[in-house]
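K.L.:
What follows is a single structure, and I will ask about it in a moment.
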Amino acid sequence: MTTQVAVLDPRTSPTTVDLSPDVSARTQLASAGAAAHGVGHLYLNMSVLDDSTALITNLRPIIYKKGVASPTWVAAAGGGGCGDVYERVFHLDLDRLTLTDKGVEGSPDAPGVTRQPRTEPIGKAFSVSKDEPAQIRVDAQACSAFYEWGLQIQYSVNGHEYSEVIGKPADPLRSIGSLNSAIPAYIQETATELTRAGTAKKAPQCD
């Protein structure tokens with residue numbers, strides 16, 4: 001799955017960025033402070049280490065910052081494979097701050113499918129254990145602004161309430177929608193190289 005990544009740090013150049021073939025380009029650019037342009041994909045693998053069972057009671061997006069940012073270039077970076085998928089999906093609209101359960105998307109005949117996606121609703125039925133882990137995908141979309149954000153996972157174990165945040169204020173997740181002006185766009189043609197491919201302004205999903 002290909003994600004457009006907007007690079008915010010002018011010191012990170014598409015001609016000098018040192019991409020590793022062992023790590024996806026979008027992950028490497030994100031570690032340098034880049035932001036998902038339009039829609040970014042957050043995968044959550046949920047399990048426990050002992051013999052207890054955790055009930056996932058809520059997923060809550062948290063906005064730390066909303067404003068304007070000025071990326072210097074955009075890259076269409078792969079990292080999630082290609083073709084069909086079979087996954088439990090949630091859609092996060094950062095502009096409206098809404099999280100929608102989209103259910104299971106894709107085909108059970110997709111390559112690499114080894115486990116059936118969980119179908120239970122978040123709340124009183126979505127539980128995970130060491131023997132029954134769960135993975136979900138959150139498609140986070142931004143169109144109108146730049147966001148620094150996180151996702152709080154609320155859960156209970158043996159009647160005790162807990163929470164964990166993915167993307168804390170000191171190291172938030174980042175998303176950006178339409179840009180102030182068109183900027184250079186690149187595509188990842190090989191594992192270690194980016195090639196110029198015109199310009200970009202509005203994220204494709206925001207048309």
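K.L.:
Which value, in Å³ per residue, describes the convex hull spanned by the Cα atoms of segment 1-105?
P.N.:
Spelled out: Cα convex hull of segment 1-105, divided by residues, is 160 Å³.
K.L.:
Now a separate question. Show that you can apply the helix-only estimate: for the chain, add -39,500 (n - 2.57) for every DSSP H stretch of four or more residues, divide by all residues, and state [θ] at 222 nm to the nearest 500.
P.N.:
Rounded to the nearest 500, the figure is -1000 deg cm²/dmol.
K.L.:
Measure off, as a whole percent, the carbon and sulfur share of the 1.4 Å-probe accessible area of segment 1-133, all protein chains present.
P.N.:
50
K.L.:
Continuing with this model, one more query. Scan segment 118-179 for trypsin sites (Lys or Arg not before Pro) in coil per DSSP, keeping those whose Cβ has at most 11 other Cβ atoms within 10 Å, and list them by number.
P.N.:
Details: sites: Arg118, Lys124, Lys130, Arg137, Arg174; in loops: Arg118, Lys124, Lys130.
Those satisfying the criteria are Lys124.
K.L.:
Now for a different question. Once the principal axes of the Cα atoms of segment 52-148 are found, what is the range along each, listed largest first in whole angstroms?
P.N.:
45, 31, 21
K.L.:
Return the whole-Å distance between the Cα centroid of segment 143-194 and the Cα centroid of segment 1-62.
P.N.:
Taking the Cα centre of each part, segment 143-194 and segment 1-62 sit 6 Å apart.
K.L.:
Skip the ligands, DNA and RNA, and give the accessible area per residue of the chain with a 1.4 Å probe, whole Å².
P.N.:
About 53 Å² of surface per residue is accessible.
K.L.:
What net charge is computed for the residues neighbouring Pro121, neighbours being all others with C-beta under 14 Å from the C-beta of Pro121, Lys and Arg scored +1, Asp and Glu -1?
P.N.:
+2
K.L.:
Restricting to lysines 8 or more places apart or on different chains, can you count the pairs in the chain with Cα atoms under 24 Å from each other?
P.N.:
7
K.L.:
Which three semi-axes in whole Å describe the equivalent ellipsoid of the chain, each the square root of 5 times a Cα gyration tensor eigenvalue, listed largest first? Could the numbers behind the result be given before it?
P.N.:
Values: eigenvalues 199, 76, 48 Å².
Each semi-axis is √(5λ); the values are 32, 19, 16 Å.
K.L.:
Still on this model: What value in Å³ per residue do you get for the convex hull of the alpha-carbon atoms in segment 1-56?
P.N.:
Convex hull of Cα atoms, per residue: 138 Å³.
K.L.:
In Å, what Kirkwood hydrodynamic radius results for segment 143-207 from the alpha-carbon pair distances?
P.N.:
15.1
K.L.:
Taking 0.36 nm per intervening residue step and subtracting the Cα-Cα distance, what contour gain separates Thr15 from Gln116 on full extension?
P.N.:
Length gained between Thr15 and Gln116: 32.2 nm.
K.L.:
Another question, if that's okay. Which number do you get for Rg(Cα) / (2.2 N^0.38 Å) in segment 95-200?
P.N.:
On the way: Rg = 18.7 Å, N = 106, 2.2 N^0.38 = 12.9 Å.
Relative to the 2.2 N^0.38 Å estimate, segment 95-200 comes out at 1.44.
The values are calculated or read from the model by the stated rules, or taken from the named source; none is laboratory data. What you are looking at is a predicted structure, and each value in this text was computed from that prediction instead of being measured. Glycine gets a Cβ as well: all are built from the backbone with ideal geometry, and neighbour counts include every protein chain shown. Note: areas computed on protein heavy atoms with side chains; ligands, DNA, RNA excluded. Shrake-Rupley method; radii C 1.70, N 1.55, O 1.52, S 1.80 Å.
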